[in-house]
Amino acid sequence: MKNSVLIAGAGPVGLTMALELARYGVPVRVIDKIPEATHSSRAVAVWPRTLELLDRSGAAADIIAIGNKVTVANILSGGRPVASLSLDDVPSPYPFALMVPQYETEAVLRRHLAGHGVKPDLGVELLGFEEDGDGLSARLREADGTERSEPYGFLVACDGAHSMVRHRLGLDFQGDSLGLDWTQGDFHLSGYPFPASQMAIFWHEHGPLLFFPMAPDRARIITSLGPSTATPPVPLDQDAFQEMIDARGPGGITLTGTEWVSAFRINERQVENYRSGRVFLAGDAAHIHSPAGGQGMNTGMQDAINLAWKLALVIRGIACAPALLESYDLERRPVGAQVIAASGRMTRIGTLADHTLQHVRDLVAHTLMGLSPVQRAVTGLMAEVSIGYPHSPINGPSHGDAKAGARVRPIMGEVPFGWGDTPLFTARGGAGATELAARFPRLVATSPRPSSEEPLLSLVRPDGYLAAQVQDANWQELVPYLQQIGAER
Ligand SMILES: Cc1cc2nc3c(=O)[nH]c(=O)nc-3n(C[C@H](O)[C@H](O)[C@H](O)COP(=O)(O)OP(=O)(O)OC[C@H]3O[C@@H](n4cnc5c(N)ncnc54)[C@H](O)[C@@H]3O)c2cc1C
């Protein structure tokens with residue numbers, strides 16, 4: 001159907017995309033070539049901004065119920081404390097990093113998706129696609145081996161780092177490898193010297209050792225192996241991991257069981273454009289980077305949330321502005337670049353080989369991280385709450401202190417922005433907000449939350465970023481803005 005969306009890939013990003021579109025009433029088919037859902041843990045951290053955005057579909061509470069809340073990140077070097085970063089002050093209803101295996105996050109997303117009547121079709125592979133005038137034709141191999149073509153309005157490629165769609169479009173995946181091999185695993189353990197609410201990074205002269213606790217006796221552990229060679233990296237087994245932990249860790253930690261181990265090389269790459277006509281790329285298909293900081297899955301899920309409401313408005317015929325769909329690449333590509341740069345920086349800092357530089361690093365980090373503005377900047381970056389779209393083409397006028405494109409902090413217990421079955425902008429203000437919502441009933445709803453900055457009128461996007469802000473009495477200033485974006489009553 002020309003008004004439906006094909007989502008290639010049912011990983012965390014494809015599932016988030018499907019959930020957002022399905023709850024906004026857009027027909028979707030989500031496919032994955034794997035015959036059944038994987039049980040490898042992969043991403044373990046879900047950060048505050050992702051939880052805020054998942055609250056809009058109701059999924060956040062279910063993920064929180066099964067995860068371990070981490071509120072402190074300790075950094076130590078040569079056994080001495082360098083810094084202790086607290087997430088308590090992150091300005092969010094969720095001031096913690098939630099540690100939960102990726103397959104469990106995916107399971108929650110699948111459950112919520114099922115609530116909207118959508119089930120991923122597993123064992124179905126996208127073989128190719130061709131755009132025609134007002135849609136595209138996708139060539140699929142179904143689970144029974146038959147091949148056929150199906151018409152769709154749009155294709156969203158959530159098909160991972162080796163994206164077939166990206167290759168087929170001939171899009172460059174610019175970047176490089178970092179040159180070090182790594183190994184990681186999920187282990188049962190005893191003797192971890194911090195509470196389960198605290199993660200730990202041990203900088204060591206031969207390479208860092210990272211602990212992400214998932215329970216008091218279970219953690220994701222990552223460590224570097226050394227410079228990459230011609231052969232692919234091989235994961236350490238439990239005994240070899242134990243030796244690394246004894247050498248690089250604080251002592252006293254004993255591994256008591258292994259759930260899963262893997263080895264990897266860090267690539268830092270980003271696609272040159274997140275869109276090609278009716279095809280959009282999201283998640284690992286668009287950007288890959290160091291797992292330091294655990295941002296990969298989170299950034300991908302936020303790509304999906306950014307795109308979904310825009311696609312839903314267009315497909316449902318509520319909005320037609322080309323700028324709406326164009327803004328996806330323009331908003332999300334800079335965010336991807338920022339995440340690649342920040343996670344690469346963290347990795348390079350943690351893997352400095354020169355002893356003098358290691359010493360300088362420890363001193364500088366100790367001094368800087370002791371300053372609360374630096375702490376706030378670092379935790380804001382990790383939590384992804386400082387992400388905004390200040391240069392977005394769909395930003396409207398903003399005359400107040402807040403700038404268009406900035407995240408609007410959600411309040412616990414209040415109806416989240418973009419909640420419900422239509423991607424509505426929220427107008428917060430006085431009488432002007434009511435007038436505006438009446439003028440654009442398919443696009444704008446008033447907020448039950450009174451504006452804290454009376455007499456300002458804030459217009460908030462369905463994904464919780466400020467679209468515009470004017471004096472409430474001047475609400476008509478927003479009429480041309482909304483006319484550009486969507487249809488009037
Ligand atoms: C070992 C490892 C550890 C990681 N650790 C972390 C971490 O700690 N923190 C973090 O944030 N991130 C981590 N990541 C990254 C994280 O797992 C990814 O960012 C995340 O899975 C990306 O989700 P995605 O949905 O974009 O892609 P994927 O999860 O890769 O899903 C893509 C899906 O597309 C399917 N597919 C591919 N081609 C086709 C096709 N032609 N037709 C149909 N289906 C297709 C694949 O089968 C796959 O299921 C880790 C990754 C790995 C590999």
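The values are calculated or read from the model by the stated rules, or taken from the named source; none is laboratory data. Computed from a predicted structure; not experimentally measured. Please note: Cβ atoms are built from the backbone with ideal geometry, for glycine as well, and neighbour counts cover all protein chains shown. Only protein heavy atoms, including side chains, enter the accessible area calculation; ligands, DNA and RNA are left aside. Shrake-Rupley method; radii C 1.70, N 1.55, O 1.52, S 1.80 Å.
Test ASP239 against the stated conditions and say whether it is within 15 Å of the ligand (Cβ to nearest atom) and either polar (S, T, N, Q) or outside any strand (DSSP E or B) (or both).
Against the criterion (within 15 Å of the ligand (Cβ to nearest atom) and either polar (S, T, N, Q) or outside any strand (DSSP E or B) (or both)), ASP239 does not qualify.
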All conditions in (1) in contact with a Pro (Cβ under 7 Å, 6 or more places away or on another chain); (2) within 30 Å of TRP203 (Cα to Cα); (3) not charged (D, E, K, R) are true of VAL72 except (1)
Within the range 302-322, track down each residue that is in contact with a Lys or Arg (Cβ under 7 Å, 6 or more places away or on another chain) and over 17 Å from CYS158 (Cα atoms). ILE318
Checked the range 360-382 for anything basic (Lys, Arg) and at pLDDT below 80; matches are ARG361
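Of GLY296, GLY336, GLY344, GLY300, which residue is modelled with pLDDT under 80 and within 16 Å of the ligand (Cβ to nearest atom)? Before the answer, list the steps.
Details: GLY296 fails: modelled with pLDDT under 80; GLY336 fails: modelled with pLDDT under 80; GLY300 fails: modelled with pLDDT under 80.
None of the other options fit; the residue is GLY344.
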Look at the range 87-116 and say how many of its residues are buried (at least 17 other Cβ atoms within 10 Å of the Cβ), of a type outside the set (A, V, I, L, M, F, W, C) and under 30 Å from HIS204 (Cα atoms). 3
Per-region count, the range 10-32, residues within 14 Å of the ligand (Cβ to nearest atom) and open to solvent by less than 10 Å² (accessible area, probe 1.4 Å): 9
Can you work out which of the residues in the range 358-390 that are under 21 Å from ARG409 (Cβ atoms) and assigned to a loop (DSSP other than H, G, I, E, B) is most open to solvent (accessible area, probe 1.4 Å)? PRO390
Among SER262, SER228, SER224, which is the only one that is surrounded by fewer than 20 Cβ atoms within 10 Å (Cβ to Cβ) and away from the ligand (no atom under 13 Å from the Cβ)? SER228
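Here is a list: GLU52, GLU106. Which entry is under 15 Å from the mean Cα position of the chain (by Cα), more than 16 Å from the ligand (Cβ to nearest atom), assigned to a helix (DSSP H, G or I) and modelled with pLDDT of 90 or more?
Working: GLU106 fails: more than 16 Å from the ligand (Cβ to nearest atom).
Going through GLU52, GLU106 in turn, the sole match is GLU52.
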Residue pairs within 6 Å by beta carbon, gap of at least six or interchain, first lying in the range 154-175 and within 20 Å of GLU131 (Cα to Cα), second among the hydroxyl-bearing types (Ser, Thr, Tyr) and within 15 Å of the ligand (Cβ to nearest atom), listed first then second, are ALA157/SER163
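Report those strands (runs of 3 or more DSSP E) wholly inside the range 399-489 carrying at least 1 residues which are within 23 Å of the chain's Cα centre (by Cα). Don't jump to the end; show me each part of the working.
Details: elements: 425-428, 444-446, 456-460, 466-471.
Answer list for the range 399-489: 425-428, 456-460, 466-471.
Is it true that some residue in the range 324-334 is part of a helix (DSSP H, G or I), over 30 Å from ASP284 (Cα atoms) and not assigned by TED's automatic domain parsing to the domain that holds ARG442? I'd like the intermediate steps shown before the answer.
Our first condition is that a residue be part of a helix (DSSP H, G or I); within the range 324-334, this holds for 324-334.
Narrowing the set further to residues that are over 30 Å from ASP284 (Cα atoms) leaves none.
No, the conditions are met nowhere in the range 324-334.
Of all residues in the range 110-127, how many are of a type in the set (A, V, I, L, M, F, W, C), closer than 18 Å to ASP55 by Cβ and more than 15 Å from the ligand (Cβ to nearest atom)? Before you say what the answer is, go through the steps one by one.
Filtering the range 110-127 down to residues of a type in the set (A, V, I, L, M, F, W, C) leaves 113-114, 118, 122, 124, 126-127.
Subset that is closer than 18 Å to ASP55 by Cβ: 113.
Then drop every residue that is not more than 15 Å from the ligand (Cβ to nearest atom), which leaves none.
Total meeting the criteria: 0.
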Find the residue count for the range 137-155, including only residues that are more than 24 Å from MET301 (Cα to Cα) and either within 16 Å of the ligand (Cβ to nearest atom) or open to solvent by less than 40 Å² (accessible area, probe 1.4 Å) (or both). 13
Of the residues that make up the range 396-404, is at least one out of contact with any strand residue (DSSP E or B) (no Cβ under 6 Å at 6 or more places or on another chain) and surrounded by 16 or more Cβ atoms within 10 Å (Cβ to Cβ)? no
